[in-house]
Amino acid sequence: MKKNINFLLGKKHDGIPVTMLTAYDYPTAKILDEAGIDSILVGDSVGTNVLGYKSEQDVTIADMLHHLRAVVRAVKTAFVVVDLPFGTVDDPWTALENGRLLIENGADCVKVEGWGEKKNVIACLAENGIPVCAHIGYNPQIHGGKAKIFGKNALQAHELIESAMILQDAGANILVIEKVPHEVGSIVSSKLSIPVIGIGSGNGCDGQVLVIHDILGMGERVFKHAKKYMNFWYLASEAVNKYKSDVVSRDFPSEENSWHMQEEQLRKIEKD
Ligand code: KIV
């Protein structure tokens, strides 16, 4: 059964953490969906993790559509959230036009980076029937590539909590909170009635999201907020090097990977 916002709300109500991971392509989305991950985020982190861009600010709506469609083709049950990229949420009407495009292409919900200042954008999307996920704390689109922790002092923590409430009141259905102290993640989760999904925000949130590349070890960087469950980079390099030496030594392809002609057919060519 396809998961929806009510399903995520039910998990919050029952105190069961919501699981969310990023995916940008068909096979990864299929692995996550078959594993029963609740929600897949087609994040604009596709830019730095897959497309070789320097920054999230280089990601376009065309990039998001391309990767969203690949993910949607694989998904049977997960709730698909997709980022509205840099430059598409500067005003409510641009956000609405782009939000509609993403929903028409299979997204269940669109994500908007920004704190309380994004109130009108979130309200416009929600009023026009587009499910929306707000994203506060560290916002790569806005703050650039150098991540830092927000809300370490009471003043900024207060601003984050207030932003979360403003965005919920504006109509947000979910909130992602990135890189804030554990205490702030827990307070925001307890104050809001919508599911609050944390990244680098402690385990008191209603759910957790990570970038798939970080848990599989697909990138060379290691982040404090993430956990590497395997070293894909190392394993993939090892496999590629083994393939290279098998080709050079003619151990690949072997008999097992080859087809043969029948004797009499072969003789016919050899005669020519
Ligand atoms: O784009 C992304 O992957 C994100 C997550 C880090 C929350 O926004």
- Message: Checking H143 against (1) out of contact with any His (no Cβ under 8 Å at 6 or more places or on another chain); (2) modelled with pLDDT of 95 or more: exactly one of these is not met. Which one?
- Response: (2)
- Message: Need pairs with beta-carbon distance below 7 Å; first residue under 20 Å from V42 (Cα atoms) and within the stretch 213-238, second of a type in the set (S, T, N, Q) and open to solvent by less than 100 Å² (accessible area, probe 1.4 Å); sequence gap 6+ or separate chains.
- Response: H213/N49; G217/N231; G219/N49
- Name every residue in the stretch 34-49 that is away from the ligand (no atom under 11 Å from the Cβ) and open to solvent by 40 Å² or more (accessible area, probe 1.4 Å), in order of residue number. E34, A35
- Note on the structure: Pairs returned, first residue in the stretch 35-58 that is over 14 Å from I212 (Cβ atoms) and in the same structural domain as G145 (by TED's automatic domain parsing), second residue that is small (G, A, S) and within 12 Å of the ligand (Cβ to nearest atom), beta-carbon separation under 6 angstrom, 6 or more apart or interchain, are Y53/G47; E56/G47; D58/G47
- Mind checking which residues of the stretch 14-33 are open to solvent by 20 Å² or more (accessible area, probe 1.4 Å) and of a type in the set (S, T, Y)? T19, Y26, T28
- Task: Would you check which residues across the stretch 178-217 are in a loop (DSSP other than H, G, I, E, B) and within 13 Å of the ligand (Cβ to nearest atom) and list them?
- Result: K179, V180, G200, S201, C205, V211
- Write out, first by first residue and then by second, each pair whose Cβ atoms fall under 6 Å of each other, whose residues are 6+ apart or on separate chains, and whose first residue, in the stretch 192-211, is open to solvent by less than 30 Å² (accessible area, probe 1.4 Å) and of a type in the set (D, E) while the second is modelled with pLDDT of 95 or more and not in a strand (DSSP E or B). D206/K12; D206/S189; D206/P195
- Are there any pairs, at least 6 apart or on different chains, whose C-beta atoms fall under 7 Å, with the first in the stretch 13-29 and in the same structural domain as L210 (by TED's automatic domain parsing) and the second away from the ligand (no atom under 16 Å from the Cβ), and if so, which? V18/K11; Y26/R73; Y26/A74; A29/A74; A29/V75
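The values are calculated or read from the model by the stated rules, or taken from the named source; none is laboratory data. Computed from a predicted structure; not experimentally measured. Counting neighbours? That spans all protein chains shown, and the Cβs are built from the backbone with ideal geometry, glycine included. For accessibility, only protein heavy atoms count, side chains too; no ligands or nucleic acids. Shrake-Rupley method; radii C 1.70, N 1.55, O 1.52, S 1.80 Å.
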